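Shown next, in structure tokens, is the structure this report addresses.
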Amino acid sequence: MPISDQQLQTWSHQGSVTQSKTTHEAIRAVLNSTDSPYYLKSFDDFLQGSYANDTNIYADSDVDIVIRLTSTFYDNTDDLQAGEQVAYQRDRVPADYELSDFKRDVTAWLRRHYAGVTVGNKAIFIPGNGNRRDADVLVSAEHRRYTSYSGFMDPQYNEGIVFETADGRRIVNYPRQHRTNLSDKNQATGSWLKRTVRVFKNMRNRMIEEGYLDAGIAPSYFIEGLLYNVSNNQYGYSQLMSVTNCLNFIQNSNRDNLTCANELHWLVRDYQDVCWSTSNYERFRTSLRIFWNSY
């Protein structure tokens, strides 16, 4: 017997946003202080993750903030023609303030304002205190994936972020495209997409609690990307029908054709920092089927 529509509707509800909003505003004020050591550099900040995408559930507790250096940018010119490569290299100006400098300065600034700040593999963790929730600050720089280059005044590129891991690897991603595309598809599905994402995230958590799935196998980012691939006409009518259609899609689709919600990365690929590994994806898909059939 499938999970009842009533239970699925309960799981579709958004978690509290009040504390997340307060946390974001407080940390953002610190990051944008005119007294910071990096204030004279050009940078911006924005949210990413479940709270930013309105897919947070009651179990979500952290706030993900991106601070991005824009006075320096990094590039990928692999798609440029030979002549375009020459023109680009001719116009290129070396940076005098690197991503590593920016991360050093942001880390030091946050440690002046918050106790217990730690630098993880990807982000800086700020522990919650009182009404402030846990938060991750991802220090990044602008990244440009060039599609054409005819001169300094008319470049064509996909704009994203690049950040460094603890071992010095650089990872490129596109959180703004992810957020925009999710919102557009949510509107196109009559607001069913994000409700359904929240259902799957709650199911994922229940699967972990009951031993169907190990923690860390199915991050929220990949669940959002997976359901982004489901056709718009598969959403609607009822929460039960939307979830059932998505389950059928997951079981029957070709994983190699799935894209991330940003539409710039494949969703399932091995040895790619921004992709769901084949083994983890298959473990999630198999565990999901077993959980649904035995609930």
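Brief remarks follow.
- In the range 276-295, residue surrounded by the fewest Cβ atoms within 10 Å (Cβ to Cβ) [restricted to those that are more than 14 Å from PHE222 (Cβ to Cβ) and aromatic (Phe, Trp, Tyr)]: TYR295
- Flag for LEU240 being surrounded by fewer than 21 Cβ atoms within 10 Å (Cβ to Cβ), within 30 Å of LYS122 (Cα to Cα) and hydrophobic (A, V, I, L, M, F, W, C): no
- There is at least one residue in the range 22-45 that is under 20 Å from the mean Cα position of the chain (by Cα) and basic (Lys, Arg).
- Selection count where residues are surrounded by fewer than 22 Cβ atoms within 10 Å (Cβ to Cβ) and within 14 Å of HIS265 (Cα to Cα), scope the range 134-161: 3
- Note on the range 145-172: among residues that are under 24 Å from VAL119 (Cβ atoms) and among the acidic types (Asp, Glu), the one that is modelled with the lowest pLDDT is ASP167.
Quick grid of which residues meet (1) open to solvent by less than 30 Å² (accessible area, probe 1.4 Å); (2) part of a loop (DSSP other than H, G, I, E, B); (3) β-branched (Val, Ile, Thr):
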| position | (1), (2), (3) |
| --- | --- |
| LEU8 | yes, no, no |
| HIS13 | no, yes, no |
| ARG28 | no, no, no |
| TYR38 | yes, yes, no |
| TYR58 | no, yes, no |
| ARG68 | yes, no, no |
| PHE73 | no, no, no |
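- Residues that are in contact (Cβ under 8 Å) with a residue 40 or more places away in the chain and touching a Ser or Thr at 6+ places or on another chain (Cβ under 8 Å), drawn from the range 86-96: ALA87, TYR88
- Flag if LEU226 is at negative phi and surrounded by 19 or more Cβ atoms within 10 Å (Cβ to Cβ): yes
- Residue within the range 51-63 that is farther than 30 Å from ILE290 by Cα and of a type outside the set (Asp, Glu) present: yes
- A single member of ASP64, ASP105, ASP79 is assigned to a helix (DSSP H, G or I) and of a type in the set (Asp, Glu), and it is ASP105.
- Residue in the range 41-51 that is without any contact (Cβ under 8 Å) to a residue 60 or more places away in the chain, assigned to a strand (DSSP E or B) and surrounded by fewer than 17 Cβ atoms within 10 Å (Cβ to Cβ) present: yes
- PRO175 open to solvent by less than 60 Å² (accessible area, probe 1.4 Å) and modelled with pLDDT of 95 or more: yes
- If the condition is being within 10 Å of GLY225 (Cα to Cα) and touching a residue at least 40 places away in the same chain (Cβ under 8 Å), then the range 266-275 contributes only LEU267.
- Filtered by the rule that a residue be farther than 16 Å from LYS41 by Cβ, open to solvent by 50 Å² or more (accessible area, probe 1.4 Å) and of a type in the set (A, V, I, L, M, F, W, C), the range 90-130 gives ALA115, VAL119, PHE125.
- With respect to the stated conditions, THR23 is open to solvent by less than 20 Å² (accessible area, probe 1.4 Å) and among the hydroxyl-bearing types (Ser, Thr, Tyr).
- Test: ALA188 is open to solvent by 60 Å² or more (accessible area, probe 1.4 Å), under 24 Å from GLN7 (Cβ atoms), at pLDDT 95 or above and aliphatic (A, V, I, L, M): no
- Whichever residue in the range 108-145 is touching a residue at least 12 places away in the same chain (Cβ under 8 Å) and assigned to a helix (DSSP H, G or I) and, among such residues, is farthest from VAL274 (Cα to Cα): HIS113
- Cross-chain or 6+ apart pairs with Cβ under 8 Å, the range 236-249 first and farther than 14 Å from LEU226 by Cα, then open to solvent by 50 Å² or more (accessible area, probe 1.4 Å) and β-branched (Val, Ile, Thr): none
The values are calculated or read from the model by the stated rules, or taken from the named source; none is laboratory data. Only a predicted model underlies this, so the values are computations on that prediction, with no experimental measurement involved. Glycine also receives a Cβ, built like all others from the backbone with ideal geometry; neighbour counts cover every protein chain displayed. Heavy atoms of the whole protein, side chains included, go into the accessibility calculation; ligands, DNA and RNA do not. Shrake-Rupley method; radii C 1.70, N 1.55, O 1.52, S 1.80 Å.
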